[in-house]
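Please read the structure below before turning to the comments.
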Amino acid sequence: MAGGEGEGTSLEFTPTWVVAGVCTVIVGISLLVERVLHYSGKKLKKAGQKPLYEALQKIKEELMLLGFISLLLTVFQSSIVKICVKEGLTEHLLPCSLSDKKEASKPKAEGTSHLRHLLAEEASAVGYCALKNKVPLLSLEALHHLHIFIFVLAVVHVTFSVLTVVFGGAKIRQWKHWEDTITKDNFDASQVLKPKVTHVKDHDFIRNRFVGIGKRSAIVGWLHSFFKQFYGSVTKSDYVALRLGFITTHCKGNPKFNFHKYMIRALEDDFRKVVGISWYLWLFVVLFLLLNINGWHTYFWIAFIPFFLLLAVGAKLEHIIIQLAHEVAEKHIAIEGDLVVQPSDDHFWFHRPRIVLFFIHFILFQNAFEIAFFFWIWVQYGFDSCIMGQVRYIIPRLIIGVFIQVLCSYSTLPLYALVTQMGTYFKKSIFDEHIQAKVVGWALHAKQKMANNGGPSHRDGSGHDGSAAAAPSAAGSAFKGIQLAKLNQQS
């Protein structure tokens, strides 16, 4: 053996048939997975399963990222394990106590110590640091376990996000019969020509959502919103009122607008962002790993963050519906025709409906992180491991994870899909994809044309090019023109 007994045989003295055989297996498995993902994507795209197709694309991105992480760990592992520090520095901020470390090292020395001798780099790193009376900063085994955890986290997050949108989308699709019923009823000639004058509080939407005016009623309204998310979060009267408010505000020229289809497209677009792992979510992972200290039970307390945040988001979305009902009830005693609410960004946190999507993204990731961390420890170290913690902390954590997944799928996500349409502006998903492409092309062409016609001579008093101000206006006109053309085509 070259290099000593503990280091094993190097590639120089390994039979070629062994090297070729191992490479064949690894490459074969990789190509098989790549082909499965490719044909699955083609099949989903052909079947019109856009959310699942987008999730598959995100899985490919995560696998590429994990492959790069694996490459970095492989290239730099020899350097990392040879970073030496004083032994005292490694005895602080431990997930397990030092007594647990001593007990855990005994079975390793008896049963699995021979595996370490197969890792030449780690063995040399220990000897290298021992000569300096120090210890390695991070062992090769710890690097390997960390890599597995990152992989498990990415897969669990993508899987949970897919399940949430699939189940939530299934519930939203149940509202399609409401859309069909509304479309059929609203175009009865007798109803259109002879609108009735009705008392506002006679409408189901107001009767179910209006709780009076005043501080006491505001508290009751929030309590009603909080509990409403657990049962019948969206009723037909809610759907009818919010749908009509959206169409009256944004699609007044097309009362036949298919609001349900638009809502599904908007949810599919948002799903692209939710299923990914953004940089700030990776920062959260690092922060959690830092705070996972013995005796703190961080893994338990941190489970309540997505739990309370999900309850707050659900209550807020329900309360927005109450606010819309209040606005109508306070302005009118009786109305002629249908009850119309007024969409506005003012009802949302910081006047930004997109913040709700950010919170849902964080909730899904944090919940997936909790579940992935649990299963990773269970498989890697065992249920009785010191890092797993006590049973009285584990069971509530798992119950909270399941509760979050169910509530987010069947209540919060459908609420989000409907209520976030009550913002001041509609989303680009109001158009089909080919119409969106025409809008963008038309707007860019108009902007370029205005810039060419304006030239440097058309400047305002502030020294800015006047065409720059005119270009957005032209782009907006183009956008509105496409919108009207699309709406007239639908009608």
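No value in this document is a laboratory result; all are computed from the given coordinates. No experiment lies behind these values; they were computed from the predicted model shown. So basically every Cβ, Gly included, is an ideal-geometry build from the backbone, and we count neighbours across all protein chains shown.
Quick look at the numbers
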{"quantity": "Order of Thr14, Thr183 - criterion: other Cβ atoms within 10 Å of each residue's Cβ, fewest first", "calculated": "Thr14, Thr183"}
{"quantity": "Estimated dipole of the stretch 156-430 in Debye, rounded to 20 [Cβ of Lys and Arg +1, of Asp and Glu -1, Cα centre]", "calculated": "260"}
{"quantity": "Cα gyration tensor of the stretch 156-430 - equivalent ellipsoid semi-axes, whole Å, descending", "calculated": "41, 20, 15"}
{"quantity": "Rg to Rh, two decimals, where the stretch 226-332 supplies the alpha carbon set and Rh follows Kirkwood", "calculated": "1.12"}
{"quantity": "Ordering of 365-377, 392-404 by packing [mean C-beta count within 10 Å, highest first]", "calculated": "365-377, 392-404"}
{"quantity": "Residues Cys251, Cys408, Cys23, Cys386, sorted so that the one with the fewest Cβ neighbours within 10 Å comes first", "calculated": "Cys23, Cys386, Cys251, Cys408"}
